[in-house]
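Working notes for the structure below.
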Amino acid sequence: MSESSGLGTLLAAPGMTIVPGAYDAIGARLIEEAGFAAAYMTGAGTALARGYPDLGLITMTEMVENAGTMARAIGIPLIADADTGFGNELNVTRCVREYEARGVAAIHIEDQVMPKRCGHLDGKEVVSRQEFLAKIRAAVAARRHPGFGIIARTDARAVLGFDEAVWRANAALDAGADMAFVEATQTLDEAASVPRLVAGPCVLNVVPGGRTPLSDLGEAESMGYRMAILPALVFMATIDAADAVLATLRRTRVSPPREQNIAQMFRRFDADRWDALRSRFLGEDVTTP
């Protein structure tokens, strides 16, 4: 990872970085082509793409391999969900090293009990302060490159209250985390209070129909958030679009016309560069020893 590709570069930019989420390389490439400065790998989308709900059923290997595929497909930083770190401090150590080795720019690790649940669902449980901070310290110590970002996420708001969530966010920053992520604030006042009460850069999670009643990213920026992730943006749009086109096909028995043909689609994923590479090698003089 280069110094110019890490979380620090995003934080050095003025204002708030908007980071749409995707669940595969197609979505990541679309985010890059749309001009965003970074992409986010959603854990919920990763689970859904494998046929599971976001209930902690996906393994570290599945998450890491998906992150690696997405990071390889783009030239902008990828920020990835790393759930709870998939175990204790030793598991967190391996988790950080596996994501880092695959070119991911940053991950977030949360304080839920493993297996975790989507942060905007009921029934969450969180670990003790001591266990959460031990994981953050382990994550910070495990990274081999200073540009690899550690984002500390706390889900304590739903379980232990807003004040405890703020305490954990500040303690995680003191333990070396680069950003704080207070998940699922429940009112606009709470959302606005986080950047004021947390002594470091904060992430906002924008989930349609979720616990936090805030969707205006301009308002989030004015509150002081440095980053907004939109995990469900692409997979919800994909599901909506697929539902519509499938319903049309079933009703009309006619394949709907598309704005781009298949060759144009392939070009968006470097087909011309790969064709040129093959032509280069095929053009070599095979008679020369």
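Rundown of residues vs (1) in contact with a Phe, Trp or Tyr (Cβ under 7 Å, 6 or more places away or on another chain); (2) outside any helix (DSSP H, G or I); (3) surrounded by 24 or more Cβ atoms within 10 Å (Cβ to Cβ); (4) not aliphatic (A, V, I, L, M), yes/no style:
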residue	(1), (2), (3), (4)
Gly8	no, no, no, yes
Gly21	yes, yes, yes, yes
Ala28	no, no, yes, no
Ala37	no, yes, no, no
Tyr40	no, yes, yes, yes
Gly45	yes, no, yes, yes
Leu48	yes, no, no, no
Ala71	no, no, yes, no
Gly75	no, yes, no, yes
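Among the residues of segment 179-192, write down those that are touching a residue at least 12 places away in the same chain (Cβ under 8 Å), outside any loop (DSSP other than H, G, I, E, B) and not hydrophobic (A, V, I, L, M, F, W, C). Give the derivation first.
Of the residues in segment 179-192, the ones touching a residue at least 12 places away in the same chain (Cβ under 8 Å) are 179-188, 190-192.
So of that shortlist, the ones also outside any loop (DSSP other than H, G, I, E, B) come out as 179-182, 188, 190-192.
Residue satisfying the conditions is Glu190 alone.
Would you say Ala141 is in contact (Cβ under 8 Å) with a residue 12 or more places away in the chain, surrounded by fewer than 19 Cβ atoms within 10 Å (Cβ to Cβ) and either assigned to a strand (DSSP E or B) or aliphatic (A, V, I, L, M) (or both)?
Values: in contact (Cβ under 8 Å) with a residue 12 or more places away in the chain: yes; surrounded by fewer than 19 Cβ atoms within 10 Å (Cβ to Cβ): yes; either assigned to a strand (DSSP E or B) or aliphatic (A, V, I, L, M) (or both): yes.
So Ala141 passes the test.
Tally up the residues in segment 105-122 that are of a type in the set (A, V, I, L, M) and modelled with pLDDT under 80, please.
1
Can you tell me which of (1) more than 20 Å from Leu10 (Cβ to Cβ); (2) surrounded by fewer than 22 Cβ atoms within 10 Å (Cβ to Cβ); (3) not polar (S, T, N, Q) is the one Gly147 doesn't meet?
(1)
Which numbered condition trips up Ala80, out of (1) out of contact with any Ser or Thr (no Cβ under 7 Å at 6 or more places or on another chain); (2) outside any helix (DSSP H, G or I); (3) crowded, with 24+ Cβ neighbours inside 10 Å; (4) in contact (Cβ under 8 Å) with a residue 60 or more places away in the chain?
The number of the failed condition is (4).
Does Phe132 qualify as being more than 24 Å from Pro20 (Cβ to Cβ), aromatic (Phe, Trp, Tyr) and assigned to a loop (DSSP other than H, G, I, E, B)?
Against the criterion (more than 24 Å from Pro20 (Cβ to Cβ), aromatic (Phe, Trp, Tyr) and assigned to a loop (DSSP other than H, G, I, E, B)), Phe132 does not qualify.
How many of the residues in segment 194-218 are free of Cβ contacts under 8 Å to residues at least 24 places away in the same chain and among the hydroxyl-bearing types (Ser, Thr, Tyr)?
Here the count works out to 1.
If we only count helices (runs of 4 or more DSSP H) wholly inside segment 226-289, which ones have 2 or more residues that are of a type in the set (Phe, Trp, Tyr) and over 32 Å from the mean Cα position of the chain (by Cα)?
Passing ranges: none, list empty.
For (1) under 30 Å from Met236 (Cα atoms); (2) assigned to a helix (DSSP H, G or I), each residue gets a yes or a no:
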{"site": "Ile109", "(1), (2)": "yes, no"}
{"site": "Gly147", "(1), (2)": "no, no"}
{"site": "Ala158", "(1), (2)": "yes, yes"}
{"site": "Ala177", "(1), (2)": "no, no"}
{"site": "Arg196", "(1), (2)": "no, yes"}
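So, in segment 189-225, how many residues would count as being surrounded by fewer than 21 Cβ atoms within 10 Å (Cβ to Cβ) and touching a Pro at 6+ places or on another chain (Cβ under 6 Å)?
Residues in segment 189-225 being surrounded by fewer than 21 Cβ atoms within 10 Å (Cβ to Cβ) and touching a Pro at 6+ places or on another chain (Cβ under 6 Å): 2 in total.
With the checklist (1) modelled with pLDDT of 95 or more; (2) surrounded by fewer than 16 Cβ atoms within 10 Å (Cβ to Cβ) in hand, flag the one item Pro14 doesn't pass.
Result: Pro14 passes all but (1).
Output the qualifying pairs, or none if there are none: Cβ atoms under 7 angstrom, residues six or more apart or on different chains, first residue in segment 238-267 and more than 21 Å from Ala28 (Cα to Cα), second residue aliphatic (A, V, I, L, M).
These pairs meet every condition: Ser255/Leu249; Pro256/Val245; Pro256/Leu249.
Of the residues that make up segment 125-133, is at least one of a type in the set (D, E, K, R), modelled with pLDDT of 95 or more and either buried (at least 24 other Cβ atoms within 10 Å of the Cβ) or under 17 Å from Asp81 (Cα atoms) (or both)? Before the answer, list the steps.
Taking segment 125-133 and keeping what is of a type in the set (D, E, K, R), we get 125, 129, 131.
Going one step further and asking which of them are modelled with pLDDT of 95 or more, we end up with 129, 131.
Narrowing the set further to residues that are either buried (at least 24 other Cβ atoms within 10 Å of the Cβ) or under 17 Å from Asp81 (Cα atoms) (or both) leaves none.
No.
Can you find even one residue in segment 63-82 that is modelled with pLDDT of 95 or more, in contact with a strand residue (DSSP E or B) (Cβ under 6 Å, 6 or more places away or on another chain) and of a type in the set (S, T, N, Q)?
No, that holds for no residue.
The values are calculated or read from the model by the stated rules, or taken from the named source; none is laboratory data. This one's a predicted model, so the numbers in the text were calculated from it and none came from an experiment. We place every Cβ from the backbone using ideal geometry, glycine too, and count neighbours over all the protein chains shown.
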